[in-house]
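Read-outs throughout are calculated quantities, based only on the coordinates presented, and are distinct from any laboratory measurement. Here the structure is a predicted model, which means the values were calculated and not measured. Cβ placement follows ideal geometry from the backbone for every residue including glycine, while neighbour counts extend to all protein chains displayed.
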Amino acid sequence: MIVLFTDFGVTRLYTGQVKAVFARNARGVPVVDLLDDVPAYRIQGAAYLLAALAEAFPPGTVFFSVVDPGVGGARLPVVVRAQRQWFVGPDNGLFDLVLRRSERPRAWRITWTPPRLSATFHGRDLFAPVAAALAQGRAVPGVECDVGALRRPEWPDDLAEVIYVDGYGNAITGLRPAALPAGAGLSVDGIRILRARTFSDVPQGTFLCYENANGLIEIAANQGRAANALALEPGSAVVIEQV
């Protein structure tokens, strides 16, 4: 299958144009909209989110992964093989966490050039045809490159900031549960947030942090909108605090 992970927007024309490429070049291959509202331009947060969400998909899945504020610039177009999955997109750090968490990752620089290549829409013109080809079992249209060149070693293993706010106003962080010591919770601007197992473990309206369904620490309020109440948005810092 082909999985979309982009900041294009759910109702914007860009997502539809990319799907048209898949319909033409990869007929019969299922296309899954995993996330089309990744916070725009926020490459680092997207890298932690992609690594967490990709774990739910089977081997052979092709991730069309485009958060690309440097489109048309010096960053390279690449294909990454990690955890027996394929990732197609820009070499701007987006794949750092999937590479970091894979035992024997590989990477290729895309050398194929399409007949039409817009300077500002490589997603449609370059990455989508390559993803379609991989989904049909074709060879990577490029040359293998050093995985280390794609890495961002200065980034932490777990990111203590909000990386996504969902439709319920829950704020997902880049922290995995193991990053919180036993008994620890979080704080936001001095407000302590206790760790719990699920929403109903705390009174209605109370803040909590917990391991969400995708293996990341999330901040919520029982039947409330924590992101609104705490003024949280992608990039907001959180602090691990021993309670």
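Please compute one quarter of the surface area of the Cα convex hull for the range 78-184 and express it in square nanometres. Intermediate results must be reported in sequence, preceding the final value.
Numbers: hull surface 38.1 nm².
Orientation-averaged projected area of the Cα hull: 9.5 nm².
Any idea what the dipole of the range 159-242 comes to, in debye rounded to 20, about its Cα centre with Lys/Arg Cβ at +1 and Asp/Glu Cβ at -1?
Computed about the Cα centre, the dipole is about 160 debye.
Counting only helical runs of four or more DSSP H residues, what would the 222 nm mean residue ellipticity of the chain come to if each run contributes -39,500 (n - 2.57) and the total is spread over all its residues?
Rounded to the nearest 500, it is -4500 deg cm²/dmol.
For the range 159-242, with the dipole built from +1 on Lys and Arg beta-carbon atoms and -1 on Asp and Glu ones, taken about the Cα centre, which of Thr198, Ser187, Val162 lies farthest toward the positive end?
Going by the charge dipole, the pick is Thr198.
Once you have the alpha carbon radius of gyration of the chain, what is it after dividing by 2.2 N^0.38 Å, with N set to its residue count? Could the numbers behind the result be given before it?
On the way: Rg = 18.8 Å, N = 243, 2.2 N^0.38 = 17.7 Å.
Relative to the 2.2 N^0.38 Å estimate, the chain comes out at 1.06.
Could you compute the FRET efficiency for Ala231 and Ala56, with r as their C-beta to C-beta distance and R0 at 30 Å, rounded to 0.05?
Step by step, r from the Cβ atoms, then E = 0.50.
Given Cα pairs under 8 Å that are at least 6 residues apart, what percent is the relative contact order of the chain?
Working: 510 pairs, mean separation 41.8, N = 243.
About 17 percent, as a whole number.
About its Cα centre, what dipole magnitude does the chain give when the only charges are +1 on Lys and Arg Cβ and -1 on Asp and Glu Cβ, stated in debye to the nearest 20?
For the chain, the charge dipole is close to 880 debye.
How charged is the neighbourhood of Ala237? Take every other residue with its Cβ under 14 Å from the Cβ of Ala237, and add Lys/Arg as +1 and Asp/Glu as -1.
Neighbourhood net charge equals -4.
How big is the range 159-242 in terms of Cα radius of gyration and Dmax, in angstroms?
Looking at the range 159-242, its Cα Rg and Dmax stand at 11.0, 29 Å.
Write down Rg/Rh for the range 4-107, rounded to two decimals, with Rg from the C-alpha atoms and Rh from the Kirkwood relation over Cα pairs.
Here the Rg-to-Rh quotient is 0.94.
Only sites in a loop by DSSP and with at most 15 other Cβ atoms within 10 Å count here; which trypsin sites (Lys or Arg not before Pro) in the range 149-243 make the cut? Walk me through the intermediate numbers first.
Working: sites: Arg151, Arg192, Arg195, Arg197, Arg225; in loops: Arg151, Arg197, Arg225.
Filter output for the range 149-243: Arg197.
Dipole size in debye (nearest 20) for the range 1-81 around its Cα centre, Lys and Arg Cβ +1, Asp and Glu Cβ -1?
The dipole magnitude comes to about 280 debye.
Residue separation times 0.36 nm, minus the C-alpha to C-alpha distance between Ala139 and Ser200: what's the value?
That pair, Ala139 and Ser200, stretches by 17.0 nm at full extension.
Just going by the charge dipole of the chain, with Lys and Arg at +1 and Asp and Glu at -1 on Cβ, which of Val62, Leu150, Val98 is farthest out on the positive end?
So the residue we want is Val62.
Find which of Ser236, Ala46, Phe5 sits farthest along the positive direction of the dipole of the chain, computed with +1 on the beta-carbon of Lys and Arg, -1 on that of Asp and Glu, about the Cα centre.
Most positive-ward Cα: Phe5.
For Asp166 and Glu154, calculate 0.36 nm times their separation in residues minus their Cα-Cα distance, and state this gained length in nm to one decimal.
Full extension from Asp166 to Glu154 adds 1.6 nm.
In the chain, once you exclude exposed GluC sites (Glu not before Pro) (DSSP loop, at most 13 other Cβ within 10 angstrom), what's the longest stretch remaining?
In short, 155-243.
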